[in-house]
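Report on one structure; see the data block that follows.
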Amino acid sequence: AQVIKTGVLGESFIEMNTRQRCKFLLDEGSFREVLGCEAHTISPWLMPQGVVPQTDDGCVVAKGTINGRNSVVVGIEGIFQGGSMGEISGVKMAAALDLALRDNQNGIDTQVVLLLETGGVRLQEANLGLAAIADIHSSIIALREYVPVIGVVAGAVGCFGGMSIAAALCSTLIVTKEARLGLNGPAVIEQEAGIEEYDSRNRPFIWSFTGGEQRFKTGLVDFFAEDDADQIRSMVVEQINAGKPASIRCENVDHYLSILNQVDTSVQATSEMVRADFAKGASHE
Ligand code: COA
C-alpha cells in the first residue's frame, strides 16, 4: 500500500537544506546518514587555500526507505561552496552509487535518488573532483540497468558543469521553475562569449535559457514540479513505482544531434527559438 506522507501542504522543498530534503523524501523515521558530520569527511585541500571546510564536505548520503522500498538518497548541499564537487564529496556520492549497484546486483532492491544543487567540479580541487564525477557518471549508467536513477534539481543553485552531465544521465529528471540546468555556468559563458551574447547578471535572461521551465518545455528534463515538498516526493514515489523507463531521454542521441545540426549559430538565439527547435521532439509540449 502506498504510504501517504502527511506534511504541511505547499511546504517549500527549496528552503530545506540538503539533509532536510533527504529526510523528507525518506519514510518517516527511516533516515540514517552514512559518513555524516561525525565522520569528519573533510576535504584536505580547502584549508591550505584559505577556505573553511565542512565536516560532511557538502554531501549527504542518506539510507532508509521510500514508500517501504530500500533506498539511498544522495544530496549535494548547494550552500557549501556552491555545491561544488571535491574529492571527498565526489567520492561519497560515487561510493554510495557503487554500493547501491552492488546491492541491486545481489538481488537487494535499492532505489536511488540524487538531489543535485551543484556548480560542478570544485575549482579548488580540479582533477580530483573531475575523477569522482567520471565515476559518478559510469555508476549512474550501470545502475540504470537495475532501477530508475531519479535526479531532482529543485534550486537554489541549479546543476552545472560535469554534474549537469550526471543529471542528464539520470533515468528520470525532475526540476522546478526555480532550478537551472546547464553545462557551463553563466559567468563562464559570459567570459568566453562576451557580455553582448550572454549577460550573467541578467537573471530573467539566464532562466529563460537554463531555467527548469525552459528545460522541461524543450524536452531535456522529464518532469516539472512546483516548489512543493509533497508534490516532489509524490513524483519520486511514482517514478520508483513505475520502475525503469522503457526509453531514456539521453539515449536519443541521433534525435538531439539532428536538432543541434539545424541550429543557425550566425544569429543570436532566443529562448523562443530554442523552444521551437526542440518542440518537434518534446513529448510533453
Ligand atoms: N567550484 C568552486 N566554487 C564554486 C563553484 C565551483 N564549481 N561553483 C560555485 N562556486 C561558489 C562561488 O565561487 C561562490 O562562492 P562565494 O560565495 O565564496 O563567492 C558560491 O559558490 C556561490 O556562487 P555564485 O556564483 O555567487 O552563485 P550564483 O547563484 O550566482 O551562481 C552558479 C551559481 C553555479 C551558476 C555559478 O557559481 C557558476 O556559474 N559556477 C560555475 C559553474 C561551471 O561552469 N562549472 C564548470 C565546472 S566543471
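The values are calculated or read from the model by the stated rules, or taken from the named source; none is laboratory data. Bear in mind that the values here come from a model prediction, so they are computed numbers and not experimental data. FYI the Cβ positions are ideal-geometry reconstructions off the backbone, even for glycines, and counts take in every protein chain you see.
For the reader, a short list of remarks on this structure follows.
- Breaking point among (1) under 16 Å from the mean Cα position of the chain (by Cα); (2) outside any loop (DSSP other than H, G, I, E, B); (3) near the ligand (Cβ under 10 Å from one of its atoms), for Gly155: (2)
- Scope the range 11-29; condition over 17 Å from Asn70 (Cα atoms) and part of a loop (DSSP other than H, G, I, E, B); matching residues: Glu11, Ser12, Phe13, Ile14, Glu15, Met16, Asn17
- Some residue of the range 130-142 being assigned to a loop (DSSP other than H, G, I, E, B) and either under 18 Å from Ser43 (Cβ atoms) or within 13 Å of the ligand (Cβ to nearest atom) (or both): no
- Checking each residue in the range 158-174 for being within 15 Å of the ligand (Cβ to nearest atom) and within 14 Å of Phe223 (Cβ to Cβ) picks out only Ala167.
- Taken together, the residues in the range 126-169 that are at positive phi and in contact with a Gly (Cβ under 7 Å, 6 or more places away or on another chain) amount to 1.
- Checked against (1) farther than 20 Å from Ala142 by Cβ; (2) touching a residue at least 24 places away in the same chain (Cβ under 8 Å); (3) surrounded by 16 or more Cβ atoms within 10 Å (Cβ to Cβ), Ala96 passes all but a single condition, namely (1).
- Residue in the range 238-255 that is polar (S, T, N, Q) and either surrounded by 15 or more Cβ atoms within 10 Å (Cβ to Cβ) or in a strand (DSSP E or B) (or both) present: yes
- Inspection of the range 114-127 identifies at least one residue that is more than 14 Å from the ligand (Cβ to nearest atom), modelled with pLDDT of 95 or more and closer than 24 Å to Leu97 by Cα.
- Every residue from the range 27-50 that is hydroxyl-bearing (Ser, Thr, Tyr) and in contact (Cβ under 8 Å) with a residue 60 or more places away in the chain: Ser43
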